[in-house]
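The values are calculated or read from the model by the stated rules, or taken from the named source; none is laboratory data. Because the structure is predicted, anything quoted here is derived from the model rather than measured. When we count neighbours, we look across all protein chains shown, and the Cβ atoms used for this are built from the backbone with ideal geometry, even at glycine. Each accessible area value is taken on the protein alone, full model and side chains, heavy atoms only, with ligands, DNA and RNA left out. Shrake-Rupley method; radii C 1.70, N 1.55, O 1.52, S 1.80 Å.
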Amino acid sequence: MSRWLFEWHACMSAIQFLTRIPVPGGMHQPGADLAILQHSIIYYPLVGGLLALLTGTIYGLACLVWIPLVAALLALAFEAFTTGGFHEDAVADSCDAFGGGWTRDDILRILKDSRVGSYGALGLILAIGLRASLISSLVVTPENLLLVVALVASSGAIGRWTILVMRIAYPLVSGRDGLSKDIAGDVRPGMFLAGTLWLLPTLIFVLTVTLATAADRWEVMVISVKLAGAVSLSALCGWLWGRFAVQKIGGLTGDVLGCGCYLGQIMTLLVLTFTIPR
């Protein structure tokens, strides 16, 4: 298999894993091997940025009809449908496991259980509510519609990039099989660098839109500082969350990684919506 074909299948695998969007090739392609699946992680930031671009577009257009909070909830509902509630399930399972599990075995058992308990329900409500509130605080006008869409897209890209931060820093839980082992196996420094490079298109898109729509240099500087802060805070949050999981259960699982992604998105939105006075 040529290098270009290998990369194509890896990119399609990332789309198939993170979304329900039907695409040719990828992990369901006959002959797809473990190397393709594990390499697909470098494309998570790109796929996350494109998916959040759709989420932001729906939010911006829905704001023309409904109040911002309703528009944000509709956009997040679309995203959850597109991903099959992939990361939302990870948030719920993680809250259930670490909130209700007393021992390592209890936590791992709850993480494998798809049922949602009181901790999971509460955590999911808070996570979605906070994310919807943060998105709805981005006021949409005809002049800044594209910028708002770009900012929402950056949260998706940075959130998926947080998965790479966690994997380069910490190992998976030993002795467990599952998608996390196949998809997020060994992340080498070169793969982390490649994944970081695939984060750049979304960030460059945000800065390009900012330069085209900003009223003055101050706004450009503020957006640039916020993006740098969002990347830094998301990385720190992912590192701390991963460290907590390692202390509790000895490593990372797929649900822990998915929850880290959602935390990264929330951290990004917290920074982007933070007001910097002149």
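Some points to look at:
- Alpha-carbon centroid distance for the pair segment 185-240 / segment 62-80, whole angstrom: 24
- Given their separation in residues at 0.36 nm each and the Cα-Cα distance between them, Thr213 and Thr141 gain 24.7 nm when the chain is fully extended.
- Close amide-amide hydrogen proximity is noted between Leu172 and Leu252, each under 5 Å apart and 5 or more residues distant or on a separate chain (H modeled in the peptide plane; Pro and chain starts excluded).
- Against the chain, whose longest principal axis comes from its Cα atoms, helix 3-18 is set at around 80 degrees.
- Under a 5 Å amide H cut-off, with hydrogens placed 1.01 Å from N, Cys63 pairs with nothing among residues at least 5 apart or on other chains.
- When the solvent-accessible area of segment 38-90 is split by element, carbon and sulfur atoms take up 82 percent of it, the probe being 1.4 Å.
- Inter-label distance, nm, simple model (7 Å from Cα along the C-beta direction), Thr275/Trp4: 5.2
- Anisotropy class of segment 88-164 from Cα gyration tensor, a/c 1.5 cut: prolate
- Gyration tensor verdict on segment 157-278 (Cα atoms; rounded if a/c is under 1.5, prolate if a/b is larger than b/c, oblate otherwise): prolate
- Rolling a 1.4 Å probe over the heavy atoms of the protein chains gives the chain an accessible area of 47 Å² per residue.
- Degrees separating the helix 145-169 axis from the principal Cα axis of the chain, which is the longest one: 30
- Angle between the chain longest axis and helix 200-213 axis [Cα atoms, degrees, rounded to 10]: 10
- Peptide ranges 100-111, 9-20 listed from the most packed, as the mean C-beta count within 10 angstrom indicates: 9-20, 100-111
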